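First the structure, in the form of C-alpha cells, and then the observations on it.
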Amino acid sequence: MAKQAILARPGGLMVTAGLSIILFYVALAVLAPILAPYGPTEVSVPKELAGRPQPPSPEHPFGTNELGYDVLSRIVWGSRVVVQVVALSAVLSMAVGVPLGLVSGYYGGPVDRVLSLVMDSVYAFPGILLAIAVASVLGPSVGNAAISLMVVYVPTYFRMVRARVLELKARPLMESLWTAGLPDHWIILKHILPNVAPTILVVFGLASADAILTEAGLSFFGLVVVYPEADWGLDLYYGKNWLLSGAWWLTLFPGLAITSFAAGFALLGEGLARMMGEERWS
Amino acid sequence: MVLKIDGLIIEYRTLRGPLKAVDGVSLAIGRGEWVSVVGESGSGKTTLALSIPRLLPANATIVGGTIEIEGVDVTRLGEDELRRRVRGRLVGVVFQEPGATLDPLRRVGDQIAEALMVHGLASTKEEALRLAGDALEKVGVPRERVSSYPFQLSGGQRQRVAIAAAIALEPKLLVADEPTTALDVVVQSRIMDLLDKLRDDMDLSILLVTHDIALAAERSDRIAVMYAGKLAEEGPAGEIVIGPLHPYTRGLLDATPDLWGERRKPKPIPGSPPDLRNPPSGCRFHPRCPLATSECKEREPPEVRESSGRRAYCFHPLTR
Amino acid sequence: MGSLARYIALRAALIVPSVLILYTIVFVVLRVIPGDPVLAVLGTKSVPPEELERIRERLGLDKPLYQQYIEYLMGVLRLDFGESMVYTGRPVWNDIADRFPATLELAVFGFLASVVLGLASGVAAVKGRGPIRALANFYAVTGYTLFIPWIGLILIYVFAVNPILPFRLPVGGRISPEVGLREVTGLYIVDSIITGNIPALIDVLAHLVLPSVTLGIVLGSAYARLVRSHLREVLASEIVAGYRARGIPEILLLRHALRNTMVPIVTYMGLQFAILLGGAVLTETTFSWPGLGTLLLERIELRDYTAIQGVVIFFAFMIGLVSLVVDVIYALLDPRIRY
C-alpha cells in the first residue's frame, strides 16, 4: 500500500481537524495556570462593577459574570474538569467494555447471550438519564462523574468490539489458527485484538464526543463539581439566569466550548471510520 | 428505421482522466428487427445501449454523433423532453437484474399504472390498472397479479413483470442490457422466447446487449460486435457466425463452448481488453490479434463492406 | 387482524427482558449502592433513630432487598411507584402523572421537529446545491454535538431577548398565566382543542415552538445522517433506475426513493425516542418546562431517591412501550414483514 499524505485520504481532513481541536483543549487544560488570564474565582473587575455581568471588553474578551469572574479564564480552567472526566471515563469504559466484548464475542454461548442482552438494554436507555441516576447516588466529583459515564459507555465499546470479533471469527484464517492448536488467549491477543484496534479507535472518537455532552449535562445538573468551581456545563446553567437581561456572553462561550470539543471528537471518529471505509458506525 | 445511431462518441470523466467508452459507433435498427450488441465487459456495449434512452451516469457525456429514434435526435433533447417523449414511451429498458427494478414497497400494478398515468395514456386509476393488467398478460403473468407486491411473486414472475413495465407504454424499441446473465439456461431461454413473442405481437424492435455470441446468433437478426469502444464488425447474425470477417469475432466464437449445441473445447482470446484511458494506437485489437502487422499499429483500420450489408473494420479481414 | 395481535404479543414478549434488566440496574444503583437511603438523606440532620426506623418501615426499606425488588416491581405494574422520601405520604406516581403530559407533549413536538429537519437536511445533503448542500452535510455529521441547553439559550436570545421577529416567543413554561385552560388530559394542545379554547391553543403552541425546535435541531442531525446515506444508496439502486427508465418525473422518483429510505429509518426511531427523552430532560430545564426532567432535577437537589427511581423506571417502561409501537408501525409500512 502506497503511503499517502493523511490529508489526501478519505476522512483525512476530518481526522486532522478533529485532532487539532482535541489537542487545543487538552493543551488548554494542561497549561491552564499559564494561559488563563485570571484565576477561576478571582474577582477581576473593580468593586463598583461587580454584582452585574460585564460585556466583553479588551481586558475580558469573553466578559465577566455577576461575581466579577472572567469568563474566558473560567473556560480555560473548566477545560481541566471536562478533559479529566472524559479521559478517565474513556479509559474505564475501554478497560471494561473491550475485554468483555472480546471474550463474549470469541467464546459465544449463553454467557455471551446474557451479556449482550444486558448491554443492549443499557445501550437503548438514554445515556444522560442513566448517568444522572448514577451520579445522583454517588454525589458530585470528577471521579464519580467518570464512573457514571463509564456505566453509559461500556455497552458502546462492548457492542462494537463484539460485532467486530464476530466478523473476524468468520474469516478462514481462524480455522487454521484453531487447527494449529494455538491457545485461545494467544489468538485473542495476537490475532483478534490488533484487528479490533481500529474499531476501538473509531468508537473512542464517537463515544467521547457523546461523553462530553453527557458530562456537560451532568455538570448542568450540578452533578460534577460544585459552584463556584469552574466547569462549562455548570457555568452555562448559572449563566442562563442572566440571559433574559441580555448577558449573552455567559452562555454563548461555555456552550461553544462544549460543542466544539465534542465536535472535535465527532470529526475524529467519523474521519477514522471513513478512512477504514465505513460510512456509518452508530 | 426505428433507431439510427451515427458516429456516436461518449466520454466518461474519471478520477484518473477521461475515457472514451464509445468511439465513433454507427448502428441502425429497423422496425421489428432484433439486433444484438456483443462484446467483452468494458467494450462499451452497455454504455451504447443506455445512451439511447439517455440513462448514462452523470459523469458521462455524449461528445459527438447523433442518436435518432423515429426521426427524433435524442442527443439534442433536454431532461424534461427525454422523460416525456423518450423514456418508457419510445424506448423501454430491461436491466441486468430485471426483478431488482421493482419497488418492493408498492404493488406491481401501481408501479406500471403510475407510468401509464404520468405519460397520459390513462386518465383514471382504474383505466391505468386495466392497462397494467393487459401488460401483465402480454408477458404471461395473470392479470390478478396487479395487486401483488414483488415479494409475493416468484423470481421468474418478477422478471416478467419488469419486462411488462418496460413495454406497458408500447415503446418502439426495447433495450435489454444483459437481462439473463445471472440466470440458468432454461430460464434464459424462456425470457428470450418472451422477447421474441413481444417482437411479433407488438412489432417491437429489440436491442439486446450480451457477452454471449451464441445466444445472439440464435436469437437475433443482426449482430454488432464491439471491442474497446469501437465497432469491430456488424451484419446478419448467420453470416457473422458462419464466416466472421474480423479476427476478434473469430476469437469470440472460438471462446464459446457450445455454439448450436455442439460441445467443443473453448479457446480463450489471449491477453485482456485495453485500458480505455490510454487505448492502443491504430486498430485497438492489434496487441491481441494473431494477424496484426505494423500497419495495424499505425493506422485506423478501413471499413470493409459486403453487398449483404455486412461491414468490418480490419486491415486483414478473414475470408470464408 | 388476529395475526397482527399475535405479532404485537410476540414483540412485547421480546421487550420484557430488556425492561426488566433496566429495572434491575436502576434498582441496584438507587437502592443498593447508597446503602441506607434514609440515612443518606436524613443522616446529616439530627433525627432520632426510632424516627429513622419509622421512615424506613413506611417506605418499605426495612425489608430484605430481594423482597423490596419484587414488591417494587409488582407496584410499578399497578402504577404504584412508592412514596416520596421527602414529601411525606405523597405517592411518586402522583408527581409522575402530573408531569408526564408536559414531557409527552414536548417529546411529540420535538420528535416532529427533528423528523422534519432531519428529512429536509438529509435530502438537501444529497440533492441540494452549493452552500446549502455543504451546510446540510456539515449538520449531518456534527449536528448531534450541539449541546441542547446551549442551542436552547441561543434560540431564547434570538427569539425572545433580542427578537429578530416582530414579536417575542415565550421562553418558559407551557402556558401564559393569564390564559385560562380547563385541564382534562393534561396535554394542553388536546385540552384546548376539546374545550374549544382557541386563544389557549395559540398560546400553548407558541410556548412549544422554541423547546421543540431546540430538540429538533439537535436530534434531527441523526436523521439527516441516515437519510443522507440511505437516500444515496436508494437513488443509485436498480429500483430508481427502473423508475427513471419508465419516464417517471424526478419529484415522484424522489418520493418513492424517500419511502424506501424510510424503512430503515423507522427502525431507528425506536432508539431515537430514548435519546429524545434524554434530550427532553435537558430541554425542560432550559425552558422551565414543568415535565419529568425538571421533576428529576428538583428531586436530585432534595436527594429524593424514591422519586428519582420512580422517574427513571417510568422512562424505562415508556421506552419499552415505544419500541413496541415502532415495531408495529414498521410492520405496517413494509409489506414484506408478515405478521
request  = Write out, first by first residue and then by second, each pair whose Cβ atoms fall under 7 Å of each other, whose residues are 6+ apart or on separate chains, and whose first residue, in the range C:133-150, is under 16 Å from C:Leu119 (Cα atoms) while the second is among the acidic types (Asp, Glu) and in a helix (DSSP H, G or I).
outcome  = C:Val141/A:Glu270
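Determine, yes or no, whether B:Gly133 is crowded, with 23+ Cβ neighbours inside 10 Å and over 25 Å from B:Ser51 (Cβ atoms). Before you say what the answer is, go through the steps one by one.
Numbers: crowded, with 23+ Cβ neighbours inside 10 Å: no; over 25 Å from B:Ser51 (Cβ atoms): yes.
For B:Gly133, the condition - crowded, with 23+ Cβ neighbours inside 10 Å and over 25 Å from B:Ser51 (Cβ atoms) - is not met.
Could you count how many residues in the range B:116-153 are in contact (Cβ under 8 Å) with a residue 40 or more places away in the chain and either facing chain C (nearest Cβ under 10 Å) or part of a loop (DSSP other than H, G, I, E, B) (or both)?
As a first pass, look at the range B:116-153 and keep what is in contact (Cβ under 8 Å) with a residue 40 or more places away in the chain: B:116, B:119, B:121, B:138-140, B:147-151, B:153.
Add one more test, that the residue is either facing chain C (nearest Cβ under 10 Å) or part of a loop (DSSP other than H, G, I, E, B) (or both), and what stays is B:116, B:119, B:121, B:139-140, B:148-151, B:153.
Residues flagged as in contact (Cβ under 8 Å) with a residue 40 or more places away in the chain and either facing chain C (nearest Cβ under 10 Å) or part of a loop (DSSP other than H, G, I, E, B) (or both) within the range B:116-153 amount to 10.
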task = Kindly list, by first and then second residue, each pair from a residue in the range B:45-67 that is in contact (Cβ under 8 Å) with a residue 24 or more places away in the chain and closer than 16 Å to B:Val209 by Cβ to a residue that is basic (Lys, Arg) and part of a strand (DSSP E or B), limited to pairs with Cβ atoms under 7 Å and residues at least 6 apart or on different chains.
result = B:Pro53/B:Arg87
ask   = How do the helices (runs of 4 or more DSSP H) wholly within the range A:173-254 filter down when requiring 3 or more residues that are in contact (Cβ under 8 Å) with a residue 60 or more places away in the chain and buried (at least 17 other Cβ atoms within 10 Å of the Cβ): which remain?
value = A:193-220, A:232-239
message = With the requirement that a residue be assigned to a helix (DSSP H, G or I), farther than 23 Å from A:Val225 by Cβ, more than 10 Å from every other protein chain (Cβ to nearest Cβ) and not β-branched (Val, Ile, Thr), what does the range C:286-319 give you?
response = C:Leu295, C:Ala307, C:Gly310, C:Phe314, C:Phe317, C:Met318
query = Name the helices (runs of 4 or more DSSP H) wholly within the range B:209-320 that hold at least 3 residues that are under 22 Å from the mean Cα position of the chain (by Cα)?
reply = B:213-219, B:237-242, B:247-254
Test: residue in the range C:252-266 that is under 30 Å from A:Arg274 (Cβ atoms), in contact with an Asp or Glu (Cβ under 9 Å, 6 or more places away or on another chain) and surrounded by 24 or more Cβ atoms within 10 Å (Cβ to Cβ) = yes
task = Starting from residues that are among the aromatic types (Phe, Trp, Tyr) and more than 7 Å from chain A (Cβ to nearest Cβ), keep the ones in the range C:142-168 and report whichever is surrounded by the fewest Cβ atoms within 10 Å (Cβ to Cβ).
result = C:Phe167
ask   = Looking at C:Leu321, C:Leu282, C:Leu302, which one is surrounded by fewer than 24 Cβ atoms within 10 Å (Cβ to Cβ) and closer than 28 Å to C:Ser212 by Cα?
value = C:Leu321
inquiry  = Pairs needed: first member in the range A:106-121, within 14 Å of chain C (Cβ to nearest Cβ); second member anywhere, among the small types (Gly, Ala, Ser); C-beta distance under 6 Å; at least 6 residues apart or different chains.
reply    = A:Leu115/A:Ser104; A:Ser121/C:Ser18
request  = Select from the range C:203-261 the residues that are polar (S, T, N, Q) and either within 30 Å of C:Glu105 (Cβ to Cβ) or part of a helix (DSSP H, G or I) (or both) and list them in ascending order.
outcome  = C:Ser212, C:Thr214, C:Ser221, C:Ser229, C:Asn260, C:Thr261
Checking B:Ala113 against (1) more than 9 Å from chain C (Cβ to nearest Cβ); (2) assigned to a loop (DSSP other than H, G, I, E, B), the condition it does not meet = (2)
query = Conditions: (1) of a type outside the set (Lys, Arg); (2) more than 7 Å from every other protein chain (Cβ to nearest Cβ); (3) over 16 Å from the mean Cα position of the chain (by Cα). A:Asp231 meets all but one. Number of the miss?
reply = (3)
request  = Looking only at the range C:186-204, decide whether some residue is within 14 Å of chain A (Cβ to nearest Cβ) and of a type outside the set (D, E, K, R).
outcome  = no
query = Which of the residues belonging to the range A:213-228 are hydrophobic (A, V, I, L, M, F, W, C), more than 8 Å from chain C (Cβ to nearest Cβ) and farther than 14 Å from C:Thr286 by Cα?
reply = A:Val224, A:Val225, A:Val226
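From the list B:Glu218, B:Glu234, exactly one residue is out of contact with any strand residue (DSSP E or B) (no Cβ under 7 Å at 6 or more places or on another chain) and either at pLDDT below 95 or crowded, with 20+ Cβ neighbours inside 10 Å (or both). Which is it? Explain how you work it out, then say what you get.
On the way: B:Glu234 fails: out of contact with any strand residue (DSSP E or B) (no Cβ under 7 Å at 6 or more places or on another chain).
Among B:Glu218, B:Glu234, only B:Glu218 is out of contact with any strand residue (DSSP E or B) (no Cβ under 7 Å at 6 or more places or on another chain) and either at pLDDT below 95 or crowded, with 20+ Cβ neighbours inside 10 Å (or both).
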message = When the residues of the range A:234-243 are narrowed to those that are out of contact with any Leu (no Cβ under 6 Å at 6 or more places or on another chain) and within 9 Å of another protein chain (Cβ to nearest Cβ), which ends up nearest to A:Gly78 (Cα to Cα)?
response = A:Leu236
note = Within the range B:154-170, residues being surrounded by fewer than 24 Cβ atoms within 10 Å (Cβ to Cβ) and either of a type in the set (Ser, Thr, Tyr) or not in a helix (DSSP H, G or I) (or both) number 3
Matching residues, the range C:69-96, being touching a residue at least 40 places away in the same chain (Cβ under 8 Å) and part of a helix (DSSP H, G or I) = C:Tyr69, C:Tyr72, C:Leu73, C:Val76, C:Val92, C:Trp93, C:Asp95, C:Ile96
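Check the range C:324-333 and report whether any residue there is over 30 Å from B:Glu114 (Cα atoms) and either touching a Cys at 6+ places or on another chain (Cβ under 6 Å) or hydrophobic (A, V, I, L, M, F, W, C) (or both). Give the derivation first.
Start the filter on the range C:324-333 by keeping residues that are over 30 Å from B:Glu114 (Cα atoms), which leaves C:324-325.
Adding the requirement that they be either touching a Cys at 6+ places or on another chain (Cβ under 6 Å) or hydrophobic (A, V, I, L, M, F, W, C) (or both) leaves C:324-325.
Yes, the range C:324-333 contains at least one residue that is over 30 Å from B:Glu114 (Cα atoms) and either touching a Cys at 6+ places or on another chain (Cβ under 6 Å) or hydrophobic (A, V, I, L, M, F, W, C) (or both).
Got at least one residue in the range B:295-305 being buried (at least 18 other Cβ atoms within 10 Å of the Cβ) and in contact with a Leu (Cβ under 6 Å, 6 or more places away or on another chain)? Even if it seems obvious, please write down each step before you answer.
Kept after step one, since they are buried (at least 18 other Cβ atoms within 10 Å of the Cβ), are these residues of the range B:295-305: B:296, B:301.
Now restrict to residues that are in contact with a Leu (Cβ under 6 Å, 6 or more places away or on another chain): none.
No, the range B:295-305 has no match at all.
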remark   = Within the range B:76-96, residues surrounded by fewer than 16 Cβ atoms within 10 Å (Cβ to Cβ) and either assigned to a helix (DSSP H, G or I) or at the interface with another protein chain (Cβ under 8 Å from one of its Cβ atoms) (or both) come out as B:Arg76, B:Glu79, B:Asp80, B:Glu81
ask   = Which one of these is buried (at least 16 other Cβ atoms within 10 Å of the Cβ) and farther than 30 Å from C:Ser121 by Cβ: C:Val218, C:Val179, C:Val184, C:Val204?
value = C:Val179
query = So which pairs qualify, if the first residue must be in the range A:47-61 and under 14 Å from A:Ala247 (Cα atoms), the second must be surrounded by 12 or more Cβ atoms within 10 Å (Cβ to Cβ) and of a type in the set (Phe, Trp, Tyr), the Cβ gap must be under 7 Å, and the two must be at least 6 apart or on different chains?
reply = A:Pro53/A:Trp242; A:Pro55/A:Trp249; A:Pro56/A:Phe62; A:Pro56/A:Trp249
ask   = Among the residues of the range C:250-278, which ones are among the small types (Gly, Ala, Ser) and either in contact with a Gly (Cβ under 6 Å, 6 or more places away or on another chain) or more than 9 Å from every other protein chain (Cβ to nearest Cβ) (or both)?
value = C:Ala257
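The values are calculated or read from the model by the stated rules, or taken from the named source; none is laboratory data. This structure is a prediction, so every number in the text was calculated from the model and none was measured. Heads up, the Cβs are rebuilt from the backbone with ideal geometry, glycines too, and the neighbour counts pull from every protein chain shown.
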